[in-house]
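The structure appears right after this line, and notes come after that.
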Amino acid sequence: MLDLRLIRERPEWVKERIRLKGDNVDAEVDRIVELDRRRREIIVEAEALKHERNIVSDEIAKRRRLGQPAEELIERMRDISDRIKWLDGKLSEIERELDSLLLIIPNLPHESVPIGEDESGNVEVMRWGEPRQFDFEPKPHWEIAQLLGIIDFERGVKLSGSRFYVLTGLGARLERALISFMIDLHVEKHGYTEVFPPFMVRRDCMVGTGQLPKFEVEAYVCERDDLWLIPTAEVPVTNLHRDEILDREMLPLKYVAYSACFRREAGAAGKDTRGIIRVHQFNKVELVKFVEPERSYEELESLVKDAVEVLELLGMPYRVVEMCTGDLGFAASKKYDPEVWMPGQGRYVEVSSCSNFEDFQARRANIRYRPAKGAKLRYVHTLNGSGLAVGRTLAALLENYQQEDGSVIIPEVLRPYMGGVERIEPQSRRK
RNA sequence: GGAGUGGUGCCCGAGUGGACGAAGGGGCGGCUCUGGAAAAGCCGUAGGGGCGGCGAAUACCGUCCCUCGCGGGUUCGAAUCCCGCCCACUCCGCCA
């Protein structure tokens with residue numbers, strides 16, 4: 001949510017910044033400015049009347065105590081009260097509309113974000129590692145997995161429909177190993193606090209981080225209970241501190257959380273239909289930070305570093321892409337997407353997404369802190385990033401570590417988590 | 001799911017129609033006392049919003065309004081009475 005004052009004072013600038021995101025909210029902004037003006041007009045009148053009501057009310061009480069008549073005062077109060085009631089009704093009507101508009105206005109891009117219309121305007125900001133040279137044709141992960149017998153696509157469909165799959169045997173073990181490895185890294189080396197959140201949340205949480213009200217069709221919901229399946233651990237973890245006032249000494253707060261993630265992938269028909277790149281349920285290890293506004297952009301850089309270290313330790317080449325204004329999404333001010341090299345497909349695939357939301361989420365979720373003793377409260381800045389998407393990392397690992405005989409070598413850092421397994425052999429060669 | 005109890009400030013807790021933004025206690029901050037501390041005493045300690053002043057300010061000053069879980073109602077007037085909702089806890093049922 002943007003600051004209403006900002007929209008009031010610089011509406012044209014706000015419109016312009018949002019147009020850079022490929023969104024047009026000119027009409028909404030104009031309406032907000034108009035509603036805001038009417039809101040304040042009404043407040044002025046209503047408050048003057050309420051002031052009068054308080055004074056007359058005291059006078060009535062005083063006369064009652066002294067046993068004096070107060071009929072003509074009470075008569076006058078009736079009119080005042082009616083008028084107040086009418087004004088307050090009008091006011092809440094206006095505020096309802098105002099709030100619903102404010103919730104669908106996207107965040108503004110940070111000034112450092114490159115301007116562009118779509119993903120073609122994104123900028124590669126770094127590259128790490130040399131893609132391995134194969135002396136055979138590298139396979140895509142779904143073929144490798146089939147050979148190894150570690151992903152069961154058919155039965156996934158039988159259980160839950162398309163875009164679901166089942167991990168079995170060492171595949172399941174590998175998924176679990178990756179989760180533990182990532183969490184341990186972020187806890188032990190990077191100083192994050194581990195959190196195991198609920199996977200279903202109330203509507204308020206989804207509004208707090210920005211998934212609702214605008215992107216309702218993207219989410220799964222248990223309607224009977226109005227509980228929403230989280231599309232990312234960002235939702236429960238950011239909302240941990242909803243409606244809280246944090247101590248400055250606590251900042252920055254850094255959390256790492258594993259969760260399953262649920263996405264309807266509405267509008268993604270035909271995209272990434274093979275393999276496990278785009279599915280309705282996947283595992284992810286998420287990093288979330290709450291920081292002081294002044295430091296949020298440094299914290300974004302270190303967040304990216306923390307995330308890509310996973311790829312470095314796993315020995316997989318990657319690049320980091322900075323999103324342009326047109327590809328930023330609804331809530332982010334600035335965003336980097338680390339992408340891992342997938343030799344079986346000959347392309348880089350997004351395995352993380354690291355964003356600074358500035359105070360956009362904090363304002364929605366009402367997360368504040370006191371900068372100093374006696375100082376006024378401020379909104380914190382929130383950030384988050386995948387560290388990493390587990391399914392895609394597993395897929396990349398299969399493709400990067402595949403051998404000509406169809407086996408896949410397990411990177412050394414994962415072996416302790418794999419019970420010492422060094423290599424997954426094709427099913428036909430296992431007994 | 002059934003029955004019951006309850007939601008008040010940073011925390012505990014009083015308050016069943018008017019002098020209550022709210023007793024009392026705790027915590028925290030400041031001051032007095034002290035060589036220093038403890039104890040004791042005094043003072044101060046919520047958030048949001050509007051208007052005006054000054055301004056770069058979401059810094060500061062003044063003033064007013066709102067907020068006792070949330071929303072509505074009764075009343076001249078509601079923390080207090082009525083209705084609906086949400087949440088927490090206890091017991092029963094069910095359950096990993």
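Tell me whether the range A:20-27 contains one or more residues that are more than 8 Å from RNA strand B (Cβ to nearest atom), touching a residue at least 24 places away in the same chain (Cβ under 8 Å) and on the phi > 0 side of the Ramachandran plot. Show your work before the answer.
Narrowing the range A:20-27 to residues more than 8 Å from RNA strand B (Cβ to nearest atom): A:20-27.
Keeping just the survivors that are touching a residue at least 24 places away in the same chain (Cβ under 8 Å) gives A:20-23, A:25.
Those still in the list that are on the phi > 0 side of the Ramachandran plot too: A:22.
Looking for residues that are more than 8 Å from RNA strand B (Cβ to nearest atom), touching a residue at least 24 places away in the same chain (Cβ under 8 Å) and on the phi > 0 side of the Ramachandran plot, one finds at least one in the range A:20-27, hence yes.
Does residue A:8 satisfy the condition of being free of Cβ contacts under 8 Å to residues at least 40 places away in the same chain, outside the structural domain of residue A:328 (by TED's automatic domain parsing) and more than 41 Å from the chain's Cα centre (by Cα)? I'd like the intermediate steps shown before the answer.
Numbers: free of Cβ contacts under 8 Å to residues at least 40 places away in the same chain: yes; outside the structural domain of residue A:328 (by TED's automatic domain parsing): yes; more than 41 Å from the chain's Cα centre (by Cα): no.
The answer is no for residue A:8.
Give the residues of the range A:196-211 that are part of a loop (DSSP other than H, G, I, E, B) and in contact with a helix residue (DSSP H, G or I) (Cβ under 9 Å, 6 or more places away or on another chain), sorted by residue number. So that I can check it myself, show each step before the final result.
Initial filter on the range A:196-211 (part of a loop (DSSP other than H, G, I, E, B)): A:196-199, A:210-211.
Listed by number, the residues that qualify are A:197, A:198, A:199, A:210, A:211.
Taking the options A:98, A:49, A:66, name whichever one is within 16 Å of RNA strand B (Cβ to nearest atom), without any contact (Cβ under 8 Å) to a residue 40 or more places away in the chain and surrounded by 15 or more Cβ atoms within 10 Å (Cβ to Cβ). Explain how you work it out, then say what you get.
Numbers: A:98 fails: without any contact (Cβ under 8 Å) to a residue 40 or more places away in the chain; A:66 fails: surrounded by 15 or more Cβ atoms within 10 Å (Cβ to Cβ).
Just a single option satisfies the conditions, and that option is A:49.
Looking at this structure, is residue A:39 in the same structural domain as residue A:8 (by TED's automatic domain parsing) and within 30 Å of residue A:11 (Cβ to Cβ)? Walk me through it before giving the result.
Details: in the same structural domain as residue A:8 (by TED's automatic domain parsing): yes; within 30 Å of residue A:11 (Cβ to Cβ): yes.
Yes; evaluated as a whole, the condition is true for this residue.
Scan A:161, A:169 and give me the residue that is surrounded by 14 or more Cβ atoms within 10 Å (Cβ to Cβ) and either farther than 26 Å from residue A:336 by Cα or touching a residue at least 24 places away in the same chain (Cβ under 8 Å) (or both).
Details: A:161 fails: surrounded by 14 or more Cβ atoms within 10 Å (Cβ to Cβ).
The match here is A:169.
If only one of A:60, A:42, A:55, A:74 is in contact (Cβ under 8 Å) with a residue 12 or more places away in the chain, of a type in the set (Val, Ile, Thr) and more than 6 Å from RNA strand B (Cβ to nearest atom), which one is it? Don't jump to the end; show me each part of the working.
Working: A:60 fails: more than 6 Å from RNA strand B (Cβ to nearest atom); A:55 fails: in contact (Cβ under 8 Å) with a residue 12 or more places away in the chain; A:74 fails: more than 6 Å from RNA strand B (Cβ to nearest atom).
On inspection, the qualifying residue turns out to be A:42.
So how many residues does the range A:247-274 have that are in a strand (DSSP E or B), crowded, with 17+ Cβ neighbours inside 10 Å and not hydroxyl-bearing (Ser, Thr, Tyr)?
Keep residues of the range A:247-274 that are in a strand (DSSP E or B), which gives A:247, A:253-262.
Checking the rest, the ones that are also crowded, with 17+ Cβ neighbours inside 10 Å come to A:253-259, A:261-262.
Next cut, not hydroxyl-bearing (Ser, Thr, Tyr) only: A:253-254, A:256-257, A:261-262.
Number of matching residues: 6.
List the residue pairs whose Cβ atoms are under 7 Å apart, where the first residue sits in the range A:179-193 and is touching a residue at least 24 places away in the same chain (Cβ under 8 Å), the second is hydroxyl-bearing (Ser, Thr, Tyr), and the two are 6 or more positions apart or on different chains.
A:179/A:258; A:180/A:417; A:181/A:417; A:183/A:258; A:186/A:192; A:192/A:255; A:193/A:255
Before we move on, is residue A:15 exposed (fewer than 15 other Cβ atoms within 10 Å of the Cβ), basic (Lys, Arg) and not assigned by TED's automatic domain parsing to the domain that holds residue A:380?
Details: exposed (fewer than 15 other Cβ atoms within 10 Å of the Cβ): no; basic (Lys, Arg): yes; not assigned by TED's automatic domain parsing to the domain that holds residue A:380: yes.
No.
Can you tell me which of A:178, A:185 is surrounded by fewer than 21 Cβ atoms within 10 Å (Cβ to Cβ), outside any loop (DSSP other than H, G, I, E, B) and among the hydrophobic types (A, V, I, L, M, F, W, C)? Even if it seems obvious, please write down each step before you answer.
Details: A:178 fails: surrounded by fewer than 21 Cβ atoms within 10 Å (Cβ to Cβ).
From the options A:178, A:185, the qualifying one is A:185.
Only one residue in A:44, A:25, A:56 is exposed (fewer than 13 other Cβ atoms within 10 Å of the Cβ), modelled with pLDDT of 90 or more and hydrophobic (A, V, I, L, M, F, W, C). Which one?
Step by step, each of A:44, A:25, A:56 is checked, and only A:44 is exposed (fewer than 13 other Cβ atoms within 10 Å of the Cβ), modelled with pLDDT of 90 or more and hydrophobic (A, V, I, L, M, F, W, C).
Take residue A:157 and decide whether it is β-branched (Val, Ile, Thr), within 25 Å of the chain's Cα centre (by Cα) and in the same structural domain as residue A:413 (by TED's automatic domain parsing). Give the derivation first.
Numbers: β-branched (Val, Ile, Thr): yes; within 25 Å of the chain's Cα centre (by Cα): no; in the same structural domain as residue A:413 (by TED's automatic domain parsing): yes.
So residue A:157 fails the test.
Among the residues in the range A:275-296, are any at pLDDT 90 or above, more than 16 Å from RNA strand B (Cβ to nearest atom), closer than 19 Å to residue A:364 by Cα and not in a strand (DSSP E or B)?
No - not one qualifying residue is present in the range A:275-296.
With the condition being aromatic (Phe, Trp, Tyr) and out of contact with any His (no Cβ under 7 Å at 6 or more places or on another chain), I'd like the helices (runs of 4 or more DSSP H) fully within the range A:1-109 carrying at least 1 qualifying residues.
Working: elements: A:4-9, A:11-19, A:26-66, A:71-102.
Of the helices (runs of 4 or more DSSP H) lying wholly inside the range A:1-109, those with at least 1 residues that are aromatic (Phe, Trp, Tyr) and out of contact with any His (no Cβ under 7 Å at 6 or more places or on another chain) span A:11-19, A:71-102.
Do we find that residue A:135 is out of contact with any His (no Cβ under 6 Å at 6 or more places or on another chain), among the acidic types (Asp, Glu), under 20 Å from residue A:394 (Cα atoms) and touching a residue at least 12 places away in the same chain (Cβ under 8 Å) in this structure?
Taking the combined requirement at face value, the residue does not satisfy it.
Step by step: first the residues of the range A:347-375, then only those that are in a strand (DSSP E or B) and buried (at least 24 other Cβ atoms within 10 Å of the Cβ), then the one that is farthest from RNA strand B (Cβ to nearest atom). Which residue is that? Outline the logic, then answer.
The first filter runs over the range A:347-375 and keeps only residues in a strand (DSSP E or B), leaving A:347-350, A:354-356, A:367-370.
Then drop every residue that is not buried (at least 24 other Cβ atoms within 10 Å of the Cβ), which leaves A:354-356, A:367, A:369.
Details: A:354: 25, A:355: 21, A:356: 17, A:367: 12, A:369: 11 Å.
Here the residue is A:354.
Select from the range A:333-346 the residues that are part of a loop (DSSP other than H, G, I, E, B) and touching a His at 6+ places or on another chain (Cβ under 9 Å) and list them in ascending order.
Residues of the range A:333-346 that are part of a loop (DSSP other than H, G, I, E, B), as a first pass: A:333, A:343-346.
Of everything in the range A:333-346, those that are part of a loop (DSSP other than H, G, I, E, B) and touching a His at 6+ places or on another chain (Cβ under 9 Å) turn out to be A:333, A:344, A:345.
Among all residue pairs at least 6 apart or on different chains, which show Cβ distances below 7 Å where the first residue, located in the range A:80-93, is within 13 Å of residue A:50 (Cα to Cα) and the second is outside any helix (DSSP H, G or I)?
none
The values are calculated or read from the model by the stated rules, or taken from the named source; none is laboratory data. Just so we're clear, the structure is a prediction, and the values are computed from it rather than from any experiment. When we count neighbours, we look across all protein chains shown, and the Cβ atoms used for this are built from the backbone with ideal geometry, even at glycine.
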